[in-house]
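Structure first, then comments.
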Amino acid sequence: MRLSKAFVPTLKEIPSDATIPSHQLMLRAGLMRQLTAGVYAFLPLGYRAIRKASQIVREEMNAIGAQEFHLPALNPEALWVQSGRRNIPNFILSIKERDLVLAPTHEEVISWIASSGIQSYKDLPQIWYQIQMKFRNEPRPRSGVLRGREFLMKDSYTLDASWEGLDKSYDAHLEAYKKIFTRCGLNFFVVGASSGAMGGTGSQEFMIESLHGEDTVALAGKSGYAANLEIAKSDVPKIGRLPSDNKIEEIHTPNVRTIKQLMEFLNVDHMRLAKSLVYRHNGKPLLILMVGNDQLNESKLVSALGGGAIEPMDATELNKLTGADAGSIGPIGLEGFRIIADRRLEEANGLVSGANKNDYHLINIDLKRDVEVDGYFDLRTIEPGEPAPGTTEPLKIANGIELGHIFKLGTKYSEALNVKFLDETGELKPVIMGSYGIGIERIVACHIEQNRDDNGISWGKSLAPYHVHVIPVNMNSKETVLQANQMYRRFTEAGLETIFDDRENLSAGFKFKDADLIGMPYQVIVGEKGLKNGQVEIKKRRTGERIMVSIELAVSEVQRLLQE
RNA sequence: CGGGGUGUAGCUCAGCCUGGCUAGAGCGCUUGCUUUGGGAGCAAGAAGUCGUAGGUUCGAAUCCUAUCACCCCGACCA
């Protein structure tokens, strides 16, 4: 590719709208331009990187026997009503002129195809995938391509006749994903994750660690524990039982609202304070008991409740139902509430909690004796430094960017959308599904986050839009131009993807800066100094190392470096 | 959706508080000459109805109102 004829609009200055490095560099290196919030146009160089990433994904998917589909982005709205996902908040973008929506993902369409196409256990298993644009009603797009309103995804869907089959399909994806992200030159890790609104029985996320990530993860390097904070566990002890068996007493606690005030007022450890949190679950009142300073983890709460909608109860409503304000609520004598508690409180006694009467607390509460607790669940958010499960290793908390997510969906969609098959015994059963996503643009953005320096992008070999960047130092030197042209021709003929900076009237410095910014792995610098000795210079972008080689050996040397 | 910020030339920004000549700078762009190993120099030039609409005023980029867009923090996040 001759730069003199190419569209590679590099920018010297940092575009003011971009705040994270990958976003800034993707704009500065001329990979893409923003059309409107959360929507980007990929320019030729950026699109090449996207295609490289897609191709790696495609190869590894094909290697596990997956078959590529091309699915409609326009979906009938009714299909989403049927699956129950039409009204998930901030999810679907719709078309004004018709009852059509833009597909945010493709479980529904896949299920529609499978419902007529899959009839017998003999048709299973299947792995189907697509690499296409998806659309989402994102309330706040941000961080460049990391969170957009349209985004390129590889999504695959597995159809199995048995749960064992699903495990196999899932594990195949787990391994394929590791290969994909390794080939993409990413330093990634896998975490246990919440299935969230997707439903299902298990899921894992592939992440890179980054200050700019939106996810928070708990990590323990040595023991290998890694989990999204939404589900992360730690070995904190239960608070257990005290030997005493005192009766409940009411204590006047004027103006005591917070756990901290209560600790000071009663002069007790926070561990004996049972904090009451009041929510509505699918509209029904719910009281949650937590150990004093522990934070409720809403993701864990939703899982514990088996899904559904939760919302904190607002103050006036709470007062109407209990006669007391938040801060004075407790489990004793509370009517019309389901009561659940965090595991740390299991069978605990000697607890302090609100009396459901403003300015009063109860002491000596025994959950076993005095309260009908409808289940103990792990509901707390872990804190850094707590021991990883089954170890003494302290957990570290870090931010991460999610690259991929794999789900065991089970039968949620096959039941809603009638994807059934006849098994060996002639019984009609729902197909067992899995769903597995990878954000293609995120691969590229994360690759840049991890492969850059002050001068620009430093592409790894697998995603680099081109392999080699040939730079003639002085376009006024006939010899330089002649040799550089030959160099370009030789590289191209050898099958290497090559950029040739044949632009006239640009200083050498300008070309070097541009080459470093767009970041191809190897620069071949053709200058009068080297040519005197029949040599050109190969510069490794990543290390800055320079090697002088004879003109004849330049191509084979770069080929050798690319093999390394 | 709550809070904050910004909209002035292709890009980065100044000017706005305290209204007043023909609206500025750097980069980029065009032409010519020079230059060519780390974002060159000189000269000449093109380019903006100051986001949009309304208002106040003799006069608005500047003050007021509304509106749109974009960015950041939060909420949300398949």
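The values are calculated or read from the model by the stated rules, or taken from the named source; none is laboratory data. In this text the structure is predicted, and so the values were computed from the model without any measurement. No Cβ is skipped: glycine too gets one built from the backbone with ideal geometry, and neighbour counts run over all protein chains shown. The area values use the complete protein model at the heavy-atom level, side chains included, leaving out ligands, DNA and RNA. Shrake-Rupley method; radii C 1.70, N 1.55, O 1.52, S 1.80 Å.
Worth a mention:
- Within the range A:83-113, the set of residues being under 11 Å from A:TYR413 (Cα atoms) and over 21 Å from the mean Cα position of the chain (by Cα) comprises A:SER83, A:GLY84, A:GLU108, A:VAL109, A:ILE110, A:SER111, A:TRP112.
- Any hit, the range A:121-130, residues being within 23 Å of the chain's Cα centre (by Cα) and aliphatic (A, V, I, L, M): yes
- Residue check, A:TYR376 touching a His at 6+ places or on another chain (Cβ under 7 Å), on the phi < 0 side of the Ramachandran plot, surrounded by fewer than 21 Cβ atoms within 10 Å (Cβ to Cβ) and not basic (Lys, Arg): no
- Hits in the range A:331-349 - residues which are more than 22 Å from A:THR381 (Cβ to Cβ), out of contact with any Lys or Arg (no Cβ under 6 Å at 6 or more places or on another chain) and either buried (at least 23 other Cβ atoms within 10 Å of the Cβ) or not hydrophobic (A, V, I, L, M, F, W, C) (or both): A:GLY333, A:GLU335, A:GLY336
- Meets criteria (within 14 Å of RNA strand B (Cβ to nearest atom), among the charged types (D, E, K, R) and surrounded by 15 or more Cβ atoms within 10 Å (Cβ to Cβ)) for A:ASP502: yes
- Residue within the range A:478-495 that is within 30 Å of A:GLN55 (Cα to Cα) and within 12 Å of RNA strand B (Cβ to nearest atom) present: no
- Test for A:LYS529: is it touching a strand residue (DSSP E or B) at 6+ places or on another chain (Cβ under 9 Å), basic (Lys, Arg), near RNA strand B (Cβ under 10 Å from one of its atoms) and at pLDDT 95 or above: no
- Among the residues of the range A:438-456, those identified as in a strand (DSSP E or B) and either crowded, with 23+ Cβ neighbours inside 10 Å or in contact with a helix residue (DSSP H, G or I) (Cβ under 7 Å, 6 or more places away or on another chain) (or both) are A:ILE438, A:GLY439, A:ARG452, A:GLY456.
- Any hit, the range A:481-492, residues being under 28 Å from A:ILE443 (Cβ atoms), in a helix (DSSP H, G or I) and either of a type outside the set (A, V, I, L, M) or in contact with a Ser or Thr (Cβ under 9 Å, 6 or more places away or on another chain) (or both): yes
The rows are residues; the columns are (1) more than 10 Å from RNA strand B (Cβ to nearest atom); (2) open to solvent by less than 50 Å² (accessible area, probe 1.4 Å); (3) touching a residue at least 24 places away in the same chain (Cβ under 8 Å); (4) not assigned by TED's automatic domain parsing to the domain that holds A:LEU35.
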| site | (1), (2), (3), (4) |
| --- | --- |
| A:ILE118 | yes, yes, yes, no |
| A:ASP123 | yes, no, yes, no |
| A:ARG140 | no, no, no, no |
| A:GLY148 | no, yes, yes, no |
| A:PHE151 | no, yes, yes, no |
